[in-house]
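Data block below; observations after.
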């Protein structure tokens with residue numbers, strides 16, 4: 001179902017990206033590849049406040065088997081993991097840099113990811129969470145060879161393709177005959 005379907009819980013609703021931008025930055029094959037290949041996810045802007053979306057997303061991903069690397073200059077440990085003040089400080093490779101910061105902060109985060117790539121530390125994906133849209137930064141990252149997802153929630157996409165999001169009433173736009181795991 002598309003955004004004009006009138007279904008309030010359809011996945012494609014409520015994005016400000018054009019159809020061309022969605023094709024570039026919300027590609028289903030790319031999302032599935034990242035969900036399958038990633039093992040280590042740096043969450044930039046991960047809060048230690050259990051009520052914040054970033055904490056909820058990180059806890060879910062950790063429960064699903066991903067290693068979470070918190071990035072927050074104001075904390076030491078979140079979800080039992082050492083916290084790094086910025087992406088540049090992470091001393092090991094990561095697979096996805098998931099951004100929970102305002103769009104104006106994304107440029108500096110992408111710069112740090114590109115520096116890591118130039119140094120051969122990793123070639124991560126940049127993932128801008130729901131409502132985080134910085135297209136110039138996305139274009140720079142994509143031009144440098146990084147995978148880029150914009151305006152999507154990593155937890156929701158995982159639930160959509162790997163979990164039981166449709167059992168919660170969300171129109172995942174996926175037809176499946178699989179029975180729910182007990």
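The values are calculated or read from the model by the stated rules, or taken from the named source; none is laboratory data. Predicted, not measured: the structure shown is a model, and the values here were computed from it. Glycine also receives a Cβ, built like all others from the backbone with ideal geometry; neighbour counts cover every protein chain displayed.
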Flagged in the stretch 36-47 as surrounded by 13 or more Cβ atoms within 10 Å (Cβ to Cβ) and either under 15 Å from residue 97 (Cβ atoms) or modelled with pLDDT under 95 (or both), in numbering order, are 38, 40, 41, 42, 43, 44, 45, 46
Got at least one residue in the stretch 62-84 being assigned to a helix (DSSP H, G or I), at pLDDT 95 or above and touching a helix residue (DSSP H, G or I) at 6+ places or on another chain (Cβ under 9 Å)?
-> no
Please work out if residue 113 is surrounded by 15 or more Cβ atoms within 10 Å (Cβ to Cβ), part of a helix (DSSP H, G or I) and touching a strand residue (DSSP E or B) at 6+ places or on another chain (Cβ under 6 Å).
-> yes
Out of 88, 29, report the one residue that is under 19 Å from the mean Cα position of the chain (by Cα), outside any strand (DSSP E or B), at pLDDT 95 or above and within 15 Å of residue 112 (Cα to Cα).
-> 88
Being in contact with a strand residue (DSSP E or B) (Cβ under 6 Å, 6 or more places away or on another chain), in a loop (DSSP other than H, G, I, E, B) and more than 22 Å from residue 65 (Cβ to Cβ) is the filter here, so list the residues in the stretch 116-158 that pass it.
-> 132, 146, 150
